[in-house]
1. Quick one: which of 120-127, 149-156 comes out on top by average Cβ neighbours within 10 Å, and what's the full order, highest first?
2. Tell me, what ³J(HN,Hα) does each residue in region 157-164 have, in order and in whole Hz, if you take phi through Karplus 6.51 cos²θ - 1.76 cosθ + 1.60 with θ = phi - 60° and put x for Gly and Pro?
3. Quick one: Karplus J couplings for region 113-128, per residue in order, coefficients 6.51, -1.76, 1.60, θ = phi - 60°, nearest Hz, x for Gly and Pro?
4. Using a 10 Å cut-off on Cβ atoms, rank the peptides 167-178, 188-199 from the highest mean neighbour count down.
5. Arranged by the count of other C-beta atoms within 10 angstrom, fewest first, what order do 208, 215, 184 take?
6. Quick one: if the Förster radius is 25 Å, what FRET efficiency do residue 170 and residue 82 give, using the C-beta to C-beta distance and rounding to 0.05?
7. Measure off 7 Å from each Cα along the Cα-to-Cβ vector at residue 214 and residue 141, then give the distance between these two points in nanometres to one decimal.
8. Pairs to check: 49/177; 48/159; 159/218; 46/177. Give those whose C-alpha atoms are more than 24 Å from each other in this structure.
Amino acid sequence: MFKSLVFVSFLAVALASPIDSGYVSTIEEMFNPENESAICKEESEKFKKCFEVLKEEAQQYSDEPRFPTREEINQSIVEIRQAVECAGEVTCKKLKLTVYIMETAAYAMEQIFGEGYSCLDEQNLKAGLVFCFQSEARMEEVQAGGIEALASKMKPIAKCITGWQDCETKEKNAFYKGAMALADFAEVAMKVAHGVQTEQLGYIQTFDKKFNRADFDKLEL
C-alpha cells in the first residue's frame, strides 16, 4: 500500500532530517486552499478528492513500519499514478510540488522493485545507508553548508548505496536509476521540510518543476 512506499521513500531523509511533532499540521496548513486564487481553490478541491485514498492510508502509517513487499510497492505505484491522472494538469505551485514528489517516488520504486529487485536486500540496504551517509555527508561540511549542503549529498549517497548492492550489471543499473530518482525526491523533501520548519516557504511557493523519466532512464553506472 501507499504507506509502504512512504516508508522506503523517506528512509534516507529520516536519517538526516528529523521531523518535529508540529511538522504534519504545518504541512496541512500550508496546503490549505484558503486565501488562494479561485483556480487554485478549484484545483485543490479536485486534488483532495483524487488523493483521498492515499491520505487515508498515510494516516494509518505505523511509527515502526516493516519493510514492504514487492506486491505492496507495485500496488502503491498503481494508486499514485491513478491519483495523479485523476488530478490532471495543475497550475498551482504547491500542487505541482506534490505531483513531482509523487511521480518521482513512484518511478524510483518502479525501478528498484522492478528490474532492480534482485539487487535489493533489506539488511544490505540499511547498512549501506548508514555507511554512505557517514562517508559522503561529512558532518563538518553539512554544518558549514546547512540544508543546501546536505541536499547536495543525496545523489553521491545514492551512487554509493548502489555500489553496495550485489547483483548483475543490468539489474544494478535499474537500481541506480531508482536510487538517483529517490535522491532527487529526498533533495526536494528535505528543502520542503526545512522551509516549513523555518517558515521560509519561497522554495515551495515558486516550485515549477515537472518529473521527466528520461532524465533518469539515461543514467548508467
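Just so you know, all these numbers are worked out from the coordinates, no wet-lab data involved. Everything numeric in this text was worked out from a predicted model, so none of it was measured. Cβ coordinates were reconstructed from backbone atoms using ideal geometry, including for glycine residues, and neighbour counts include every protein chain displayed.
1. 149-156, 120-127
2. So the J values, rounded to whole Hz, are 5, 4, 5, 4, 4, 4, x, 6.
3. Per-residue couplings from phi come out as 8, x, 5, x, 5, 5, 7, 8, 9, 4, 5, 5, 5, 5, 5, x Hz.
4. 167-178, 188-199
5. 208, 215, 184
6. Working: r = 29 Å, r/R0 = 1.17.
Efficiency for this residue pair is about 0.30.
7. About 3.2 nm separates the two model spin labels.
8. The answer is 49/177; 48/159; 46/177.
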